[in-house]
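The values are calculated or read from the model by the stated rules, or taken from the named source; none is laboratory data. Quick caveat, the model's predicted, so the values are computed rather than measured. Quick reminder, even Gly has a Cβ in these numbers, built from the backbone with ideal geometry, and neighbours come from all protein chains shown.
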Amino acid sequence: MARDHDGSDCVDPVIVWFRDDLRLADNPALHAAAQSGRPLICLFVYQTDDDIRPLGGAARWWLHGSLLELDRALRAMGGELLLFSGSAAELIPHLAGVFRAHSVFWNRRYGAAERKVDEGIKSKLKASGIEAKSYNGHLLYEPWTVATKSNAPFRVFSAFWRAALASGEPGSPLPTPSRPDFSSGVSVSGVGTTKLTDLGLEPTAPDWAKGLCANWQHGEAGAQNRLDELLDEGFSSYAVARDRPDRSATSRLSPYLRFGNISVRQVWHAVAAHAMQSGSAGHAFEKFQSELGWREFSYHLLYHNPDMAEGNLQPKFDNMPWRDDRDALKAWQLGMTGYPLVDAGMRELWATGWMHNRVRMVVASFLIKDLLIDWREGENWFWDTLVDADAANNAASWQWVAGSGADAAPFFRIFNPVLQGEKFDPEGAYVRRWVPELATLPNSIIHRPWEAAKKDLLGMDGPAVNYPARIVDHRLARERALAAFRSLAWRP
Ligand code: FAD
């Protein structure tokens, strides 16, 4: 057992400050705190006053569930999660003093505002003689550890990923601390804890989260179940089936990774072990690894381009003649554009807080190119509606589709929403699920309902008649987008 410098039996505790790492397993900060032999105080601050981008509605809902589950897990081990609301910059140093903490440990975050807060707290703690240590609990490779030969950040994914992999195999996950000593003697009365329900993270009037509740299981157990399902349900077909929104072929681990209900190291090593055992999943594993690689690359970009959610990574896009069309934006948000794959995706997003990656690319391309609406409008909508809304992945992916990002798809590559539907949802199962107005249309026209003959629409109780007409003609919209893009060449 640790003893304090004054030799007393009363041992000063270690505070574990949970943030985007809402789990017990492979949690380096928690692990180090448990190893210290000191009593632990586990806490979370809902940061409302630190100039950090506020969470969107769906992410707040996810956070509520994650905090509830983390508290349950800690209680099962004899501890609890103390909750606070306000400015972490003020609260953490204050609480460290109140609890007479020996140390404060946390896992690192990579957004500029978060880093600024964390650096300020570290200096304040150190100035008060309190140990402050941070760890990597969120990434396989931290952004500053992967650099070009001239020590610059990477702008091209393949080169980044090759360099990252060459720097070594990601470390093995740490176990859940077996019998941590919780600081039971510490009084929390008067320190200003708050109740989870008082954080107001769940929607009330109206309660729009019923679809989310039906689709997700919170916490570490939820994450582990998703991982097991991925591996049990034919992971070997991941490389080919991952582009099919009509199948359940991807992991759906994104919100768990976002909030750290599972670590990327745990996922990496579980999938690697599965691939080794099955012997047939090598290609799938490589593809899956590279998707995790895109997540790493997005964090690399965020770290080196702190305002990635606001500013084009390629400045020439600053002159893009975006259209301000509120009606078109609304139709896109509501899934009422008249393009079945786009509408299915936007409705899946609204109902479940998640959307398949292929469809994310199609709906993003539709907003940016067919509607010529600024990618930031889309980034904002996703920020509010995705349970996995992630400062790095969301902004990097929107800029990738827009063509304004690093290693982005060229602007002139414009997805045709009809052909994408026919290729990746060939029987229309995905569209039928999310756009019930079209459920009875034959496969041949499900992605182009405007070609339905009157006889296809009649005698079907007429639901397809209620489906909106196309808000733009893709062929004309494509020409308009290309003209706008060409105009960048001669704009100053
Ligand atoms: P899987 O295919 O099972 O992949 C495993 C994990 O790898 C994912 O959970 C995710 O963490 C990571 N990953 C997979 N694809 C990508 C990718 N292209 N870029 C970065 N990481 C990836 N992902 C988010 O996590 N949060 C976002 O806010 C987000 N916004 C996006 C916005 C747009 C416009 C687009 C095109 C993509 C966005 N993505 C975002 C990336 C991707 O769509 C999701 O990560 C993926 O669909 C999650 O599903 P999954 O967990 O089943 O993925």
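Let me confirm something: among R360, R376, which residue is surrounded by 21 or more Cβ atoms within 10 Å (Cβ to Cβ) and among the basic types (K, R)? Spell out how you get there, then give the answer.
Working: R376 fails: surrounded by 21 or more Cβ atoms within 10 Å (Cβ to Cβ).
Sole residue among the options that is surrounded by 21 or more Cβ atoms within 10 Å (Cβ to Cβ) and among the basic types (K, R): R360.
What is the residue count in segment 193-218 for residues that are surrounded by 13 or more Cβ atoms within 10 Å (Cβ to Cβ) and either within 25 Å of the chain's Cα centre (by Cα) or assigned by the TED database to the domain that holds W354 (or both)?
So the count comes out to 14.
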Counting only residues that are touching a helix residue (DSSP H, G or I) at 6+ places or on another chain (Cβ under 6 Å), farther than 15 Å from H356 by Cα and assigned to a helix (DSSP H, G or I), segment 213-226 contains a total of 2
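In the list G190, G222, which residue meets the criterion of being surrounded by fewer than 20 Cβ atoms within 10 Å (Cβ to Cβ) and over 21 Å from the mean Cα position of the chain (by Cα)?
Values: G222 fails: over 21 Å from the mean Cα position of the chain (by Cα).
None of the others qualify; the one that does is G190.
Conditions tested, residue by residue: (1) under 16 Å from R358 (Cβ atoms); (2) within 14 Å of the ligand (Cβ to nearest atom); (3) within 22 Å of the chain's Cα centre (by Cα).
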{"residue": "A396", "(1), (2), (3)": "no, yes, yes"}
{"residue": "S404", "(1), (2), (3)": "no, yes, yes"}
{"residue": "F411", "(1), (2), (3)": "no, no, no"}
{"residue": "I414", "(1), (2), (3)": "yes, no, no"}
{"residue": "P436", "(1), (2), (3)": "no, no, no"}
{"residue": "L441", "(1), (2), (3)": "no, no, no"}
{"residue": "S444", "(1), (2), (3)": "no, no, no"}
Residues of segment 257-280 being within 12 Å of the ligand (Cβ to nearest atom) and touching a residue at least 60 places away in the same chain (Cβ under 8 Å), in sequence order, are L257, R258, F259, G260, N261, I262, S263, V264, W268
Reported set for segment 346-364 where residues are in a helix (DSSP H, G or I), within 10 Å of the ligand (Cβ to nearest atom) and of a type outside the set (A, V, I, L, M) is N357, R358, R360
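Results for (1) in contact with a Phe, Trp or Tyr (Cβ under 7 Å, 6 or more places away or on another chain); (2) touching a residue at least 40 places away in the same chain (Cβ under 8 Å), shown as yes or no for each residue.
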{"residue": "G79", "(1), (2)": "yes, yes"}
{"residue": "L91", "(1), (2)": "yes, yes"}
{"residue": "A112", "(1), (2)": "no, yes"}
{"residue": "E119", "(1), (2)": "no, no"}
{"residue": "G129", "(1), (2)": "no, no"}
{"residue": "H138", "(1), (2)": "no, yes"}
{"residue": "N151", "(1), (2)": "no, no"}
{"residue": "F154", "(1), (2)": "yes, yes"}
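Could you count how many residues in segment 236-256 are of a type outside the set (S, T, N, Q), within 12 Å of the ligand (Cβ to nearest atom) and out of contact with any helix residue (DSSP H, G or I) (no Cβ under 6 Å at 6 or more places or on another chain)? Even if it seems obvious, please write down each step before you answer.
First, the residues of segment 236-256 that are of a type outside the set (S, T, N, Q): 238-247, 249, 252-253, 255-256.
Of the ones still in play, those that are also within 12 Å of the ligand (Cβ to nearest atom) are 238-239, 241-245, 247, 249, 252-253, 255-256.
Okay, now just the ones that are also out of contact with any helix residue (DSSP H, G or I) (no Cβ under 6 Å at 6 or more places or on another chain), so 241-242.
Residues in segment 236-256 being of a type outside the set (S, T, N, Q), within 12 Å of the ligand (Cβ to nearest atom) and out of contact with any helix residue (DSSP H, G or I) (no Cβ under 6 Å at 6 or more places or on another chain): 2 in total.
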Here the qualifying pairs (Cβ atoms under 6 Å; residues six or more apart or on different chains; first in segment 383-401 and in contact (Cβ under 8 Å) with a residue 60 or more places away in the chain and within 14 Å of E296 (Cβ to Cβ); second near the ligand (Cβ under 7 Å from one of its atoms) and of a type in the set (S, T, N, Q)) come out as A392/S298; N393/S298; A396/S298
Checked pairs for segment 309-330, first within 27 Å of R470 (Cβ to Cβ), second small (G, A, S), C-beta under 6 Å and 6 or more apart or across chains, list as F317/S404; P321/A484
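May I ask you to say which residue of A391, A402, A395, A406 is surrounded by fewer than 24 Cβ atoms within 10 Å (Cβ to Cβ) and out of contact with any His (no Cβ under 8 Å at 6 or more places or on another chain)? Break it down stepwise before answering.
Details: A391 fails: surrounded by fewer than 24 Cβ atoms within 10 Å (Cβ to Cβ); A402 fails: surrounded by fewer than 24 Cβ atoms within 10 Å (Cβ to Cβ); A395 fails: surrounded by fewer than 24 Cβ atoms within 10 Å (Cβ to Cβ).
On inspection, the qualifying residue turns out to be A406.
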If we keep only residues of segment 28-60 that are part of a strand (DSSP E or B) and not aliphatic (A, V, I, L, M), then the residue nearest to H138 (Cα to Cα) is F44
